[in-house]
Amino acid sequence: MKIRGELIPGEYALAATRSHGVLLLRPLGWALGSMVAWSFSSALGTDSRWISYLALALALGLLYRAVKSGLRWWLTSYVLTSHRLLVRTGMKSSTDVSIPLEIIEGANLKRLTLMGIVDAAPIVVRVRGQQYILKAVPDAARFSHEIRQAQMNVLAIGKGRPQGN
């Protein structure tokens, strides 16, 4: 996974991931609903034209939501570097959120029952009174541990202690 933009001198990528594919179930449901509405609109015939148009509009709206949500999943990724946590959410780098590791107050797992089946969980990252939720991170315990470990390394280097593993 590529990192958009320049890295700080001495910075390197530690881990990169995206949301688990289980988040694509909702767009899949919207796409199936769109197909049902489209079939309903074509099966009505010419007797009830306005209902047919409403069903067609519903099908197009559901299809739009499915494509939009699928693209959002595809364009969202989480990158942990040696100095910061990047949350990429779009095609432009202006939508990226860069969180320096020094200011992260905590990275905790939020266990959800259905997400536990696929070994994914949201991670809540607290920064100066704000919360960033990394949705459905695969192997979230490992990624959360890597965030805390990278943060400890950055803080240890800042205090002049040698870097430990």
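Overview of results
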| read-out | value |
| --- | --- |
| Residue check for ALA57: free of Cβ contacts under 8 Å to residues at least 12 places away in the same chain and either more than 30 Å from ALA136 (Cα to Cα) or surrounded by fewer than 17 Cβ atoms within 10 Å (Cβ to Cβ) (or both) | yes |
| The listed residue being of a type in the set (A, V, I, L, M), touching a Ser or Thr at 6+ places or on another chain (Cβ under 8 Å) and modelled with pLDDT of 90 or more, out of LEU28, LEU60, LEU32, LEU109 | LEU60 |
| Neighbours by Cβ (under 7 Å, 6+ apart or cross-chain): first from region 115-137, in contact (Cβ under 8 Å) with a residue 12 or more places away in the chain; second in a strand (DSSP E or B) and of a type in the set (Asp, Glu) | ARG126/GLU105; VAL127/GLU105 |
| Residues satisfying the stated conditions in region 30-76, i.e. under 30 Å from ILE147 (Cβ atoms) and either in contact with a Leu (Cβ under 8 Å, 6 or more places away or on another chain) or part of a helix (DSSP H, G or I) (or both) | LYS68, SER69, GLY70, LEU71, ARG72, TRP73, TRP74, LEU75 |
| Residue within region 67-83 that is more than 30 Å from ARG126 (Cβ to Cβ), out of contact with any Pro (no Cβ under 7 Å at 6 or more places or on another chain) and outside the structural domain of GLU146 (by TED's automatic domain parsing) present | yes |
| Out of VAL124, VAL87, VAL154, VAL137, sole residue that is under 22 Å from ILE8 (Cβ atoms) and modelled with pLDDT of 85 or more | VAL87 |
| Filter result for VAL79 (in contact (Cβ under 8 Å) with a residue 60 or more places away in the chain, under 16 Å from the mean Cα position of the chain (by Cα) and not in a strand (DSSP E or B)) | no |
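The values are calculated or read from the model by the stated rules, or taken from the named source; none is laboratory data. Because the structure is a prediction, the values reported are computed rather than measured. No Cβ is skipped: glycine too gets one built from the backbone with ideal geometry, and neighbour counts run over all protein chains shown.
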